[in-house]
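Here the structure comes first, spelled out in structure tokens, and everything after it is commentary.
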Amino acid sequence: MILGRTPANRWGTVQDLAGPAVWLASDGSDFMNGQTILIDGGMTVVV
């Protein structure tokens, strides 16, 4: 049921967290604060 409602059509993996984690640790995210980053395969779009 959950997979059918997730636009990515798969369960998330640890590797899905790697890109955002590297970005947050880099200078590219220096000006960002107070945000929630949702790594959910698009699930919040359909809920």
With respect to residue 13, determine if the residue is exposed (fewer than 10 other Cβ atoms within 10 Å of the Cβ) and at pLDDT below 95. yes
Hand me the list of helices (runs of 4 or more DSSP H) wholly inside the chain holding 1 or more residues that are within 10 Å of the chain's Cα centre (by Cα) and not hydrophobic (A, V, I, L, M, F, W, C). 15-25
Scan the stretch 15-28 and report the pairs whose first residue is free of Cβ contacts under 8 Å to residues at least 24 places away in the same chain and of a type outside the set (Asp, Glu) and whose second residue is surrounded by 10 or more Cβ atoms within 10 Å (Cβ to Cβ) and assigned to a helix (DSSP H, G or I), with Cβ atoms within less than 7 Å and a gap of 6+ or a chain change. 23/29
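The values are calculated or read from the model by the stated rules, or taken from the named source; none is laboratory data. Small disclaimer: the values here were computed from a predicted structure and weren't measured. Positions of Cβ are backbone-derived with ideal geometry, glycine not excepted, and every protein chain shown enters the neighbour counts.
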